[in-house]
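In what follows, a structure is listed as structure tokens, so that the remarks can point back to it.
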Amino acid sequence: LGTVTEATRKLLAGHDFDASVNDVVRFLGTALGVIRAALVKDLTPQDMDDPGRWRVTHQWSSRNALAQRGSWAEEGPWPSVDFRRRMWAGEVLILNTTMDAADGLPPDEERAGAQDAVDTLTILPVPIFVHGRCWGGLGLTDSPVRQWADHEIQVLKAAASCVGAALERQAAEADRLTWQQRRTAEAQALNHLLEGVVQASRAMLDETDFRHGRQRWLELLRLAVGADCALLGALHDDPTVPGVANMELQWSGAGDIPTNAIVPATTDFVDWADRLRRGEVVWEHSQDLLDPASLQFWQNHTGTSLLLPVLMGGRTVGWLGFSWRQRREWQPAFGTVLRTAADSLAAAMQRQQAMQAMLAERDRRIDVEQARASEAARQAARSERHSYLLAAVGLSAEELVAVRHPEECLERVLTRIGTAAHAERARLARIDWLPADPVLHGWQHITHEWTRHGGASQADSTPRRIALHRSDAGWARCLRQLQTERRCVAESASLDEPSRGERQRQGIVWSLCYPVLLEGRVWGLLGLDYATPCAEYDEDDLNALQTVASTIGDALSRVHFEKRALDAERARANESTHLADLLAHVVRSSRTLIDAGCDEEFEPAMLRWLAEFGHVTEASRTAVYGRCTHEVTGAPAFRALCHWVRPGNDGSVQVDFAPSSLIDAPGAEGLLKRLASGQVLALHTDELTGAIRDHFIALGNATVIAVPIYIDRKPWGCLSFDHDRRRELNASQLAVLQTAADTLAAILKRNETARALMAEREARLIAERARSHDLAQANDALRASLTALGNTASEGGFLSQSLLGIRLQACALVAYLFRCDGGLEALQLVGSASARGFSARGEPGDPDPFLKCFHLDDTLADALVGDGRLVWRSVDAADSTLQQTPDAMAWHLRQGHRACALHALLVGKRLVGLVWLVFDDDRPLSDVRRELIHALCQPLALVLELAKLARSARRSGERAAVLTERHRLAREIHDGIAQSFIAIQMQLAALDGRDGAAVGQALKLARHGMTEARRAVAALRPHELLNRDLPRGVQRLLAQMTRGTTIVPQFEHPPAWTRLPLEVEDHLFRIVQEAMNNVLKHAKATAVRIELSQAAGETTVLVADDGIGFDPHGIASTAGYGAEGMQQRARLIGARVDVTSCLGKGTQVLVSWTPPSELTSPPPAGRA
């Protein structure tokens, strides 16, 4: 125990942990008298089912004992899994060599070797725990068999606990040192990184070659960062380029990432690229990648990646990347420094771009000057050296072009070229190629040859027909040179025997040959043999001789082309003659169809047309097919409309014009689609399948030409030409057939249009007769109404007769007449007209309000007053406008009414009455009937207004007031019934000439009625204004008259209006009304403005529009009651009217009124 205490004190107080542990082991071994003491560490403590391995970390042994290091026992497996589990449970085991392997020792063979090696008989392992886990054990071994006492084991446990505590303290100290070292290392790495960035930037800026400088910069950055690889790349903005980026430059020790590698467009890499474009730094680990393709691309190269954007002008132009094979943690300070490095790269790139632009401009100018000087020198030397050769080449080319047959001058050409080129021999050989021969390439025939005086001729020494063997290596080399260089240069010394010896005997140093091309293939060779060295001839000489070979080839090609063109011209002439005949037949036969018309003569003409086409196209059958629906399947199919068969054709039967002959729909499906696309089809039976093939075979067809027929740009059918032999047509013939089909389509369209026009003309004649009949009835009714207006003395008689006439003309069930004495307030029944006659008390079953009074629906009233025409309504329970009384709809349904028509009786825009017609039929009235009823209702408004005036005159008894009202009524007649008579005259004048007698009589009566209306206006001028002041009345008038039009109204008046005398306001109101009528009828305006003003005792009224205007000097003095009425009203009150207008500038009507001096007080607030 003292030994353990002393060893523990030294272990805890010592600064050298390994030395202290060795002292502890030595103290324990010496004190306990064992031969060996050791500290053993468990290498795999994680899995308890694994036997695990152990390793000796510290040991002591006596002098006579063998050391364990270097032996089997230095490092190896635990004796067993059970042994390891018992150690982890804290149990102290005593192992003797006499025990079995199951008790903890290795098998016999291993145990024998181990024990013999270390001389151990007893092993005592004491477990050591660090942080609650078994770290290993304190092992004591002795050579004799030893029995350990309990107090010894307890002391050893205490020693093991002290060693575990020391290990825990050592681990904590190691962690603290590691943390300090890491912080120091980070600071040093950051300092090193800063120095590396500065050094890299300085190296890049000092390097004259920017690419080398950038490479050096990237290398130094990689070393400074400590990365395994550094990359420079660019992002792709073009969607057509694969991938999202590429690696332009990389620097790594292994070089395992290729330069210019494409980064695939995976989900991860696309996100990286977006972040880089936004200027963000990307720090990612390969194990965090989501896309398998990203992992497959990246995992073999790196574990952690850092990407920084390179920004120029606020835009990401590239990226700087670093990668580590091991996982690294992000350090913001490193990111800031590397962002500075990326910015320095961007600045260097900007500087480099500017320098490159300047250098490029300088180099361009230098190159231009050098090129000019070089070109001038070369041209001068070339002109001097090759003038003779070029002259010979030019002369030869002129001669070859000038002669009709090149064979006539080839001998002279060879003589001239050979002499100018200083050759020994020049020859032209034709080659007959044998592509299918396994032995020979072909035969070479020498057709023309020239030799220098005294030289040997190849034709004299060898046969002029030379076999070109495939096994000849020299000829194989020549063929390769001809394919790649378009010429062959062969030195005699490089040839094989016997060619080399033969050439050397002839004095030939080298040979030159060029291919002579005819239509892109080698026709032959132009060869020259030289006795002078090859180095004396430059490229210009060779090119000049190449021109000779090309010129010979062109001359031969010209002769060949002329011959082929002559043959083609003859073929085209024959084809043109045939096409002209075919086109002339199309014109002639089409004229026959055009002259046939669209009646019964068209069908025989169609059959003749097909027969003529069958003869001229040599067809066995011609037919016109129309699109239809299959009678059984309902699918689209073809129907034979007209059919011609060549006489004598077996199996052919003449058919009627419209037989039910259908092609099977499944077989024709593809045919229909192709024809619908406008394609001319040439169908060959041997190329078809299915039902359509069987159909063609049954008809004996070998070829069928189908030409689509289009009418109004829609597929209508096809024109078919059947041939019993296979027939091929060219594009011109197909175009002629398409022309025939288009002509037929135009004729069919013409016939269809003619039939439609005839039907339309018949319908118009019937409609005109019906309209003439309606107009005659309307004229009779209008004549009767006008006669009654002049002949009837009493109000009731005229109203009853007019109402009966309106009912009769409208064919109504009942006609009701109501009067309105209070504007739009209440309607009171005047009487009803039915089949029983006129009744002042209405009809049986009428609702009680009809016999008293009722009010109009506001919507219906606005429609009646705003339109001024007949308003038609069907009896519908959902129509709220017909609910005039609580039981109105029930009354309609009870009486069997199906529809009703209402017509307002107006004086100007004021409602004086209402005509109500009910029908047992819901068919709307015709336009003629509506106009007739409108005309018949106008006298009713006049009579009701006259009766009202009469009653008013009787009640008032003031003749002056009656006289004023009569003047107003005259103007109302002018604005109301006179305008209606004008409309009737215009309608009747438009019908003049269609039904002479009836229309003429009606027109005469309408003109007579107009004359009577003018006479009545001259005698009666009644007047009444609505019960409101002038601004409100004018504002209401403006709203009513512009309602339902496109005119934009604008009204202005002073907020405080001083009332004017009654008569003055009435006349000013009517002047405004007349001016508005002129705006609506004549101005064609888009906006109208009415302005009332009072200042300095003067009242002014302005009516201005933006219409077409007029010329005031071109209007006659008698402009009608409209203009005269305004002037007359102004004179009555002492006012002035000024009309200002200009063509295209609109019109202004200004009324000015100043009160007379005797008028000193305003009128009362109300009206009588």
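Every read-out reported here was derived from the displayed coordinates using simple, explicitly stated rules and does not represent laboratory data. Being a predicted model, the structure only gives us computed values, none of them experimental. When we count neighbours, we look across all protein chains shown, and the Cβ atoms used for this are built from the backbone with ideal geometry, even at glycine.
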Identify all lysines with a Cα-Cα distance to K1084 below 30 Å; exclude those on the same chain that are fewer than 8 residues away in sequence. K909, K1145
At 10 °C and 1.306 mPa s, grab the translational diffusion coefficient of segment 500-553 from Stokes-Einstein with a Kirkwood Rh over Cα pairs, rounded to a whole number in µm² per second. 129 µm²/s
May I ask you to give the average projected area over all directions of the convex hull of the Cα atoms of segment 1027-1153, in nm² rounded to one decimal? 7.8 nm²
Checking rank on 639-645, 674-680, with mean other Cβ inside 10 Å and highest first, the result is 639-645, 674-680
Order by neighbour count: T178, T685, T1045, fewest other Cβ atoms within 10 Å first, most last. T178, T1045, T685
Can you classify segment 377-435 as rounded, prolate or oblate using the Cα gyration tensor, where a ≥ b ≥ c are the square roots of its eigenvalues, rounded means a/c under 1.5, and otherwise it's prolate if a/b beats b/c and oblate if not? prolate
Convex hull (Cα only) mean projected area of segment 403-564, reported in nm² to one decimal: 9.9 nm²
I need the GluC sites (Glu not before Pro) found in segment 467-541, filtered to DSSP loop residues with at most 12 other beta carbons within 10 Å of theirs. E519
At a Förster distance of 35 Å, what's the computed FRET efficiency of D876 paired with W1057, Cβ-Cβ distance as r, to 0.05? 0.15
Please get the size of the charge dipole for segment 207-362, origin at its Cα centre, with Cβ charges of +1 on Lys and Arg and -1 on Asp and Glu, quoted in debye to the nearest 20. 440 debye
Straight-line reach from K673: which lysines fall under 19 Å, measuring Cα to Cα and dropping same-chain residues less than 8 apart? K714
Provide the three semi-axes, in whole Å and in decreasing order, of the ellipsoid equivalent to segment 291-387 as defined by the square roots of 5 times the Cα gyration tensor eigenvalues. 51, 20, 10
Using bins 5 angstrom wide from zero, how does P(r) for segment 196-240 break down, in % of all Cα pairs? 5, 24, 23, 19, 12, 8, 6, 3
Which value in nm describes the separation of the simple spin-label points at A565 and D271, placed 7 Å from the Cα toward the beta carbon? 7.0 nm
Counting other C-beta atoms within 10 Å, which of K852, K157 has the fewest, and how do the rest follow? K852, K157
Of 23-31, 1094-1102, ordering from highest average Cβ density within 10 Å down gives 23-31, 1094-1102
Return the FRET efficiency for the residue pair R898, L734: r is the Cβ-Cβ distance, R0 is 60 Å, and the value is rounded to the nearest 0.05. 0.40
Within a 10 angstrom radius of the beta carbon, how do H903, H285, H58 rank from fewest other beta carbons to most? H285, H58, H903
Lysines with Cα under 28 Å of K41, excluding same-chain neighbours fewer than 8 positions away: K10, K157
Rounded to whole angstroms and listed largest first, the alpha-carbon spread of segment 207-362 along its three principal axes comes to 51, 37, 28
